[in-house]
Amino acid sequence: MSETTAHAQAQTVRVQEHTGQQHPIRLYLFVWGLLFVLSAFSYMVDYLGIQGYLRWTLILIFMMLKAGLIVAIFMHMAWERLALVYAILLPPLLVLVFVALMVSEADYTIFTRLAFFGAAP
């Protein structure tokens, strides 16, 4: 009798796995509100006339926060397995690391050319 109960429970679990997850609409509306607020903050940076590195730092922070919310909630990364998250998010992060390395290499190359050849590029 315990075997039939365990078998029935296993079938129930399999049926629940195939039905998928249902998230409350309140969560999506809350995230939409946060995206609106972050966009308003991003526009306020321009409206207030903030200049220089502070302006670009604030804009990039707001953009990254919005992208993180979109990826986590609307692409359902917050509920996925860790291996899937790494498979999707790790390659773009590595590309950004390689771009940063190329930027530093480019700066070194232009510095070396200016130091040894003395002419502007």
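Among the listed residues 98, 62, 41, identify the single one that is without any contact (Cβ under 8 Å) to a residue 12 or more places away in the chain and assigned to a helix (DSSP H, G or I).
98
Quick one: how many residues across segment 53-86 are open to solvent by 80 Å² or more (accessible area, probe 1.4 Å) and basic (Lys, Arg)?
Final tally of qualifying residues: 1.
Only one of these conditions is not met by residue 90: (1) loosely packed, with under 11 Cβ neighbours inside 10 Å; (2) over 30 Å from residue 23 (Cα atoms). Which number is it?
(2)
Which condition number in (1) under 29 Å from residue 37 (Cβ atoms); (2) at pLDDT 85 or above; (3) of a type in the set (A, V, I, L, M) is the one that residue 100 fails?
(1)
Do any residues in segment 76-92 that are assigned to a loop (DSSP other than H, G, I, E, B) have Cβ atoms under 9 Å from those of residues that are surrounded by 11 or more Cβ atoms within 10 Å (Cβ to Cβ), where the two are at least six apart or on different chains, and which pairs are they?
Close Cβ pairs (under 9 Å, with a partner that is surrounded by 11 or more Cβ atoms within 10 Å (Cβ to Cβ)) amount to 76/23; 80/88.
For segment 31-52, which positions are open to solvent by 80 Å² or more (accessible area, probe 1.4 Å) and within 18 Å of the chain's Cα centre (by Cα)?
32, 36
Report, by residue number, each residue of segment 104-121 that is part of a helix (DSSP H, G or I), aliphatic (A, V, I, L, M) and exposed (fewer than 10 other Cβ atoms within 10 Å of the Cβ).
Listed by number, the list holds a single entry, 115.
Restricting the search to segment 48-93, which residues are closer than 23 Å to residue 35 by Cβ, small (Gly, Ala, Ser) and at pLDDT 85 or above?
Those that are closer than 23 Å to residue 35 by Cβ, small (Gly, Ala, Ser) and at pLDDT 85 or above: 67, 68, 72.
The values are calculated or read from the model by the stated rules, or taken from the named source; none is laboratory data. Every value quoted in this text rests on a predicted model; they were computed, and no experiment measured them. Counting neighbours? That spans all protein chains shown, and the Cβs are built from the backbone with ideal geometry, glycine included. With ligands, DNA and RNA removed, areas are computed over all heavy atoms of the protein, side chains included. Shrake-Rupley method; radii C 1.70, N 1.55, O 1.52, S 1.80 Å.
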